[in-house]
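Heads up: the structure comes next, in structure tokens.
Any read-out appearing in this document is the output of simple, stated calculations on the displayed coordinates, not a laboratory observation. Because the structure is predicted, anything quoted here is derived from the model rather than measured. With ideal geometry, Cβ positions are generated from the backbone for all residues, glycine too; neighbour counts draw on all protein chains shown.
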Amino acid sequence: MTKIRLNAVRLLVPALSAAFFSLAPVVHADALPDINRLLKQKQYSQALEQVDKYLAGKPKDAQGRFLKGVVLTEMNRQNEAAGIFTKLTEDYPELPEPWNNLAVIYAQQQQYDKARTSLEMAIRTHPSYATAHENLGDIYVRLASQSYARALQLDSSNAGIQSKLTLLRELLTASGHADQVKPAPAARTETPAEQPAAPKARPDASAP
């Protein structure tokens, strides 16, 4: 039978968090907003070129590194992006945004246990991080659907399992989720956000 599939957890890019400002080197006000604008316009090659130029002069800049990870994810260069986000979690473990974006990549690779762990780390750093909570719920639904599907393979006559799978499909349809995991270019993008008040906040063009 067809397995239920969720769209990818949200890839983050709106206003930079206070933690990011306190931990990262000083940022020139003009460079990163221009890169973020190119990203929002889906001019990924130009954005990558610009962020590489920016990082050439500031190779350890946390905001620039994060933005490069976002650009690479949008270009479907997930392994490179995962390397950047992983290093950011090592250098700045208290920042939730790299953990969240790392979970996006794991979800796309169907590594749901790793995605769950990354989201739990994001929530541990910022318990009020609504986006990570929503994403974690999506991952739990995905894991549940896999378990139900496996159980149904082992016991195809179990009407209760079939009913649960049907309810999950109806839930996903009602919530507007697509029937398969979306690649990163189709996911919403944000930059590290200060205590996101809502999981569906739009990117802030005035901030990197």
**Item:** Distance violations [Cα-Cα > 19 Å] among 42/114; 114/164; 40/68; 58/114
**Value:** 42/114; 114/164; 58/114
**Item:** Spatial extent of the range 110-174: Rg and Dmax, with the Cα atoms as the point set, Å
**Value:** 14.2, 44
**Item:** Rough spin-label spacing in nm, given labels placed 7 Å along Cα→Cβ, for residue 159 and residue 80
**Value:** 5.5
**Request:** Within 10 Å of each residue's Cβ, count the other Cβ atoms and sort 42, 58, 68 from fewest upward.
**Result:** 42, 58, 68
**Message:** Along the Cα→Cβ direction, 7 angstrom out, place labels at residue 140 and residue 87. What is the inter-label distance in nm?
**Reply:** 3.5
